[in-house]
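The values are calculated or read from the model by the stated rules, or taken from the named source; none is laboratory data. Remember, predicted model here, so these are calculated numbers, not experimental data. Note that we place each Cβ from the backbone using ideal geometry, even for glycine, and neighbour counts take in every protein chain shown.
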Amino acid sequence: MVRREGKDRLEGLQVPGYDIPDEVKGHVVITTLNRLYNWGRRNSIWPMMFGLACCAIEMIATAASRFDLARFGMEVMRPSPRQADVMIVSGTVTKRMMPLIVRLYNQMPLPKYVIAMGACASGGGPFKEGYNVISGVDKYIPVDVYIPGCPPTPEALLYGLMKLQQKIEKQSLKEVYLQKDEYIPEPVLGPDIMDPRDFPLIREYTMKKLEEMRESAVSSEQ
Ligand code: SF4
């Protein structure tokens, strides 16, 4: 096992433009509160432990010894959404599953992130036209990183997680703490799945169609 030198461990923490004498490099850094806060967050992202289909096997492989998520401080997969920072949607999202994903997302504390892993979670994948499949999880919850592929390799997932780290690094303390936790209404599963946010539109469309049917029935009687 390669031991990381002190200066490598502190990588990303030092504000550029300040010279630190060689003899104390690795022990002393000059930084800002934002940088320190984000450095801690990006190196301890806890993913929620759940998988939906074949992509989940690749996610499991990423956590195993060959790829080793622990290098990024992300190996602590949480079985509870209340302790998770990132939801990795790994697999085909069916209409039956979507309300539960939204419920889990709502239960995660802020700041929270979502990764759409694979073609299915990103856009429906090979089952896009299927009667039972959601064509992209971003129709219901906000997605931060999309990982293409069917299935994406563990390396691709690692790359996606590194992209998430870059996004976290750019956030400010103010931005993170002042964001509002917006409750997303759970989709309703009926003959088809419905998004409660679309109810006014659905109502308007239904009333219009009913009116048209009534008019055509009256004109056919005359
Ligand atoms: S993207 Fe491919 S590998 Fe991933 S869940 Fe869909 S079908 Fe399976």
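Looking only at residues in region 106-126 that are in contact with a strand residue (DSSP E or B) (Cβ under 6 Å, 6 or more places away or on another chain) and of a type outside the set (Gly, Ala, Ser), which one is farthest from the ligand (Cβ to nearest atom)?
So in region 106-126, the residues in contact with a strand residue (DSSP E or B) (Cβ under 6 Å, 6 or more places away or on another chain) come out as 113-117, 121-122, 124.
When the remaining residues are screened for being of a type outside the set (Gly, Ala, Ser), the result is 113-115, 117.
Values: TYR113: 20, VAL114: 16, ILE115: 13, MET117: 7 Å.
Out of the qualifying residues, it is TYR113.
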Completion exercise
Condition set farther than 21 Å from VAL133 by Cα and surrounded by fewer than 16 Cβ atoms within 10 Å (Cβ to Cβ), scope region 77-99, selection nearest to the ligand (Cβ to nearest atom): answer is PRO79
Problem - Unique residue being more than 22 Å from SER80 (Cβ to Cβ), more than 17 Å from the chain's Cα centre (by Cα), charged (D, E, K, R) and surrounded by fewer than 22 Cβ atoms within 10 Å (Cβ to Cβ) when the list is GLU155, GLU169 - result: GLU155
Exercise for the section: May I ask you to say which residue of MET74, MET49 is modelled with pLDDT of 80 or more, touching a strand residue (DSSP E or B) at 6+ places or on another chain (Cβ under 9 Å) and farther than 25 Å from LYS170 by Cβ? Expected result: MET49
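Going through GLU169, GLU182, GLU155, GLU186 one at a time, which residue ends up being more than 19 Å from LEU100 (Cβ to Cβ) and more than 16 Å from the ligand (Cβ to nearest atom)? Reasoning before the result, please.
Values: GLU182 fails: more than 19 Å from LEU100 (Cβ to Cβ); GLU155 fails: more than 16 Å from the ligand (Cβ to nearest atom); GLU186 fails: more than 19 Å from LEU100 (Cβ to Cβ).
After ruling out the rest, the residue left standing is GLU169.
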Problem - Number of positions in region 48-68 that are surrounded by fewer than 21 Cβ atoms within 10 Å (Cβ to Cβ) and more than 16 Å from the ligand (Cβ to nearest atom) - result: 7
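Within region 181-222, track down each residue that is more than 23 Å from TYR113 (Cα to Cα) and in a loop (DSSP other than H, G, I, E, B). Spell out how you get there, then give the answer.
Step one: filter region 181-222 for residues more than 23 Å from TYR113 (Cα to Cα), giving 188-194, 198-222.
GLY190, PRO191, ASP192, GLN222, listed by residue number.
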